[in-house]
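Some notes on the structure that comes next.
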Amino acid sequence: MRKFLFLCMALGAMMFVGCQKSKVCQIHGTVVGEQYEGKRIFLVPFSGPATAETVDSIEIKDGKFEFTPDSMQMYKILLDYHYRFGTQPLIVVAEPGEIKVTIDTISSAVGTPQNDSLQVWKELTEKHQREYGALMRLVNAKVKQNDTIEAAKVKEQAQRIHVAYKNRTRAMAANMEGTILGSFLKGMFPRTYQRKMPDGTTIEIDADTNEPVK
């Protein structure tokens, strides 16, 4: 009987610890590059004041670092600014679970639902920036060559790519509604905005057409 009670207590304790752990956000990071050994890496609130009370930092040891945020919000992970060149700062969402972070020339974070989705959007954004940027450079080149017809065609192609990216971002925001990431993505491309008129009144404008909302 005592053995049975002891076993029940042990199982109960394990379940309690597991439950408590599931409510904690743990960030396990790797920094690529021996030159960063011993340097400090920072966890900074994405928005709001960055103070001694809100910013956390730790020394990189054996290429590793760990953070345990106590506030569920978005953060930036970045190296000491003296040694930041060559690495990509990273945005993460603090939420219950284990987040695996890699800081490199192209950084990444995966392991929890919102960070998995954020990584998808990050890769989508980087692809869009490459494609859109290349097309707009081509537009500028065509303009310098006085080839306005071809420049207009390429610009139209670039705009189609941008609209597709914008719509994909909005769709992701809708799918993540009610989450930290959902709010962040929704703010990237709001559907309307307020315009102040000469008489001091404000009207609601469609962000896609720049026409008043009817």
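The values are calculated or read from the model by the stated rules, or taken from the named source; none is laboratory data. Everything quoted here is computed from the prediction, not taken from an experiment. Here Cβ is always computed from backbone atoms with ideal geometry, including for glycine, and neighbour counts include all displayed protein chains.
What to note about this one:
- Under the condition of being of a type in the set (Lys, Arg) and within 10 Å of the chain's Cα centre (by Cα), the residues counted in segment 99-119 number 0.
- Complete set of residues in segment 43-93 that are touching a Gly at 6+ places or on another chain (Cβ under 8 Å) and among the basic types (Lys, Arg): LYS61, LYS64
- Note on segment 36-57: residues that are over 22 Å from the mean Cα position of the chain (by Cα) and either in a loop (DSSP other than H, G, I, E, B) or modelled with pLDDT under 95 (or both) amount to 5.
- Pick from segment 71-98, criterion more than 30 Å from GLY178 (Cβ to Cβ) and surrounded by 15 or more Cβ atoms within 10 Å (Cβ to Cβ), ranking: farthest from the chain's Cα centre (by Cα): TYR83
- Strands (runs of 3 or more DSSP E) fully within segment 58-151 counting 2 or more residues that are among the small types (Gly, Ala, Ser): 108-110
- For segment 184-198, the condition of being free of Cβ contacts under 8 Å to residues at least 12 places away in the same chain, in a helix (DSSP H, G or I) and in contact with a helix residue (DSSP H, G or I) (Cβ under 8 Å, 6 or more places away or on another chain) holds for none of the residues.
- Scanning segment 139-156 for residues being touching a residue at least 12 places away in the same chain (Cβ under 8 Å) and either loosely packed, with under 15 Cβ neighbours inside 10 Å or among the charged types (D, E, K, R) (or both) gives a total of 2.
- Odd one out for ASP56, checked against (1) within 24 Å of GLU177 (Cα to Cα); (2) charged (D, E, K, R); (3) out of contact with any Ser or Thr (no Cβ under 7 Å at 6 or more places or on another chain): (1)
- Residue ID - farthest from LYS166 (Cα to Cα), chosen from residues in segment 111-123 that are loosely packed, with under 15 Cβ neighbours inside 10 Å and in contact (Cβ under 8 Å) with a residue 12 or more places away in the chain: PRO113
- Scope segment 75-87; condition in contact with a helix residue (DSSP H, G or I) (Cβ under 7 Å, 6 or more places away or on another chain) and over 16 Å from SER108 (Cβ atoms); matching residues: TYR83
- Among the conditions (1) farther than 22 Å from PRO45 by Cα; (2) β-branched (Val, Ile, Thr); (3) surrounded by 15 or more Cβ atoms within 10 Å (Cβ to Cβ), the only one that VAL101 does not satisfy is (1).
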